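Undergrad: This is the structure I want to talk about, given as C-alpha cells.
Coordinate-derived values only; no laboratory data. It should be emphasised that the depicted structure is a prediction, and the values quoted were computed from it without experimental measurement. We place every Cβ from the backbone using ideal geometry, glycine too, and count neighbours over all the protein chains shown.
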Amino acid sequence: MDLILQGQDVETGDLKNAAKLTRASAIERITANAFRLRGAHEESGIAGLCEAAELDYGYVPEDRRLADFRLLVMDMDSTLITIETIDELADMVGLKKEVAAITEAAMRGEIEYDESLRRRVSVLEGLGEDALARVYDERVKLTPGADKLLAAARAAGLKTLLVSGGFTYVTDRLQTRLNLDYTRSNCLELVDGKLTGEVVGDIVNADRKREALIEVRDRLGLGREEIVGIGDGANDLKFMGECGVSIAYHAKPIVRGQTTYALNFVDLNGVLPLFNCAQ
C-alpha cells in the first residue's frame, strides 16, 4: 500500500514524520499539494499526525487506477457545487438563516430528511420561476477541482451519475453543461410560473439516491467494486455504501467515519491522487 498525503500547505517535516511513522520506503511528489509515501504501513498514529498538520490522508493500492472503475456517483449541493441550493432560494424570501439551520441539521442526520425538505420547500411558496434562474446564474459555482475530476473520469471511461436532494432546475442544466450521463433530483411544483411550496412526486432522499445508483449500476452491468461515490451528508451514506470506494468531501462527522476516505482540507482535486492520477 502507498499513503497519499495532501494539504493546502504540506511541510517537509510533516512528510518526514509520516514516512518515519509508517516506515515508508520513499516520498514522491505528485503535485505541489499531494505526496505519495511508497510502501507505507498502516499505523493508528497517522490520523492524529495528519489532523494536527491539516493534511488529508489515504492508503491506496499501488496499482489502482481510475480506469479500474466504471461509474462515478456524486452528490450535488456542497459537493459538486459550492452552495446548498435551497438555502440560496430561501435567501430570496429573507429566510436563509432559518432554512440553512434545518439543512445543516438534516445533513448531520438529526432531522428526518423528508420532513426537513418539506419544511424548507414550504417557505418557497409564491417565489417566481425567475428566482430559480437567478440562483443558477448568479450563485451556482462548481467546487474547485470538479472540472478536472469529471474530465479525468470521462477520459478513463467512467459514466457519471449526479444524485441530489436538490432540484431538477439545477441538475438538468448541470447535466447539459458538464456532459453528465445520469441525474436524479427533486422536482419543485410550479403553477402559473410560481412555486407552490410542494415537491412533485417522491422526495429524493437517502433511499432514492441509493435506488438511482442501483438502477444505473444494473443497467450498465457493474459490480460494486467498479463504483466510486462522493458525498457530504448523512443522506449520502446509503448510496456511498453501494460503492467500492466512497469519499466524504468536507463532510459531517457522521459521514467521515463511514467512508473509505475523507477529504477535509483539500478540494475535489484531492480525489485524483487516490487513483494514481495527477491533477
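Undergrad: Between 0 and 90 degrees, rounded to the nearest ten: what's the tilt of helix 129-138 against the longest Cα principal axis of the chain?
TA: 20 degrees
Undergrad: Taking all pairs of distinct Cα atoms, average 1/r, flip it, and tell me the Kirkwood hydrodynamic radius of segment 1-63 in Å to one decimal place.
TA: Kirkwood hydrodynamic radius for segment 1-63: 11.2 Å.
Undergrad: Something else about it: How much length is gained if the chain between Glu110 and Glu43 is pulled fully straight, taking 0.36 nm per residue apart and subtracting their Cα-Cα distance, in nm to one decimal?
TA: Details: separation 67, 0.36 × 67 = 24.12 nm, distance 3.26 nm.
Extra length available between Glu110 and Glu43 comes to 20.9 nm.
Undergrad: Then there is this: Compute the acute angle (0 to 90°) between the alpha-carbon long axis of helix 168-178 and the principal axis of greatest extent of the alpha-carbon atoms of the chain; round to the nearest 10°.
TA: Helix 168-178 and the main axis of the chain meet at about 40 degrees.
Undergrad: On to the next question. Treat each spin label as a single point 7 Å out from the Cα along the C-beta direction, and report the Asp147 to Asn179 distance in nm.
TA: 1.4 nm
Undergrad: Do any of Lys97/Lys209; Lys96/Lys148; Lys148/Lys238; Lys141/Lys238 go past 29 Å between their Cα atoms, and which?
TA: Checking Cα-Cα distances, Lys96/Lys148 exceed 29 Å.
Undergrad: Hey, what do the phi angles of segment 43-59 turn into as Karplus ³J(HN,Hα) couplings, whole Hz, using 6.51/-1.76/1.60 and θ = phi - 60°, x for Gly and Pro?
TA: With coefficients 6.51, -1.76 and 1.60, one gets 9, 4, x, 5, 4, x, 4, 6, 4, 5, 8, 6, 10, 8, 9, x, 7 Hz.
Undergrad: Considering the Cα positions of segment 4-152, please state its Rg to one decimal place and its Dmax as a whole number of Å.
TA: 20.9, 63
Undergrad: So, one more: With θ taken as phi - 60° and the coefficients 6.51, -1.76 and 1.60, list the Karplus ³J(HN,Hα) couplings across segment 118-128 in order, rounded to whole Hz; mark glycine and proline as x.
TA: Once θ is set to phi - 60°, the couplings for segment 118-128 become 4, 5, 6, 5, 4, 6, 8, 3, x, 5, x Hz.
Undergrad: Give me Rg/Rg_expected for segment 127-177, where Rg uses Cα atoms only and Rg_expected = 2.2 N^0.38 Å with N residues. All intermediate terms of the calculation are to be shown ahead of the outcome.
TA: Numbers: Rg = 13.0 Å, N = 51, 2.2 N^0.38 = 9.8 Å.
Cα-based Rg divided by the globular estimate yields 1.32.
Undergrad: Here's a follow-up. Which ³J(HN,Hα) values, rounded to whole Hz and listed in residue order, are derived for segment 78-95 from phi using the Karplus coefficients 6.51, -1.76 and 1.60 in 6.51 cos²θ - 1.76 cosθ + 1.60 with θ = phi - 60°, glycine and proline given as x?
TA: Taking θ as phi minus 60°, the curve returns 6, 10, 6, 10, 7, 10, 9, 4, 5, 5, 6, 5, 5, 4, 5, 10, x, 10 Hz for segment 78-95.
Undergrad: What's the exposure ranking of Tyr261, Tyr59, going from fewest to most Cβ atoms within 10 Å?
TA: Tyr59, Tyr261
Undergrad: If you don't mind, another one. Where Lys and Arg each count +1 and Asp and Glu each count -1, what net charge lies around Glu51 among other residues with Cβ under 13 Å from its Cβ?
TA: Values: positive: Arg256; negative: Asp14, Glu54, Asp56.
Its environment carries a net charge of -2.
Undergrad: So, one more: Quick one: which residues, 5+ away or cross-chain, put their amide H under 5 Å from the amide H of Lys159? H built at 1.01 Å from N.
TA: Leu71, Leu72
Undergrad: Of all DSSP beta bridges located in the chain, what percent are antiparallel, nearest 5?
TA: Antiparallel bridges make up about 50 percent of those DSSP assigns within the chain.
Undergrad: Tell me the volume per residue, in Å³, of the convex hull enclosing the alpha carbons of segment 98-155. Intermediate results must be reported in sequence, preceding the final value.
TA: Details: hull volume 8.2 nm³, N = 58.
Taking only Cα atoms, segment 98-155 has a hull volume of 142 Å³ per residue.
Undergrad: For Ala67, project a label point 7 Å along Cα to C-beta. Then give me every residue of segment 1-43 with its amide nitrogen under 17 Å of that point.
TA: Hits in segment 1-43 for Ala67 at 17 Å: none.
Undergrad: Could you work out how much longer the chain between Asp130 and Asp202 gets when fully extended? Use 0.36 nm per residue separation minus the Cα distance between them, nm to one decimal.
TA: 23.5 nm
Undergrad: Quick one: helix 206-220 against the long Cα principal axis of the chain, what's the angle to the nearest 10°, folded into 0 to 90?
TA: On a 0 to 90 degree scale, this one is about 70.
Undergrad: For a distance above 21 Å, tell me the whole-number percent of Cα pairs in segment 163-246 that qualify. Don't skip to the answer; put the middle values down first.
TA: On the way: 1215 of 3486 pairs.
Here the long-distance tail beyond 21 Å is 35 percent of all Cα pairs in segment 163-246.
Undergrad: Another one. By counting other Cβ atoms within 10 Å of each Cβ, how are Asp14, Asp137, Asp75, Asp147 ranked from fewest to most?
TA: Going from least to most buried by this count: Asp137, Asp147, Asp14, Asp75.
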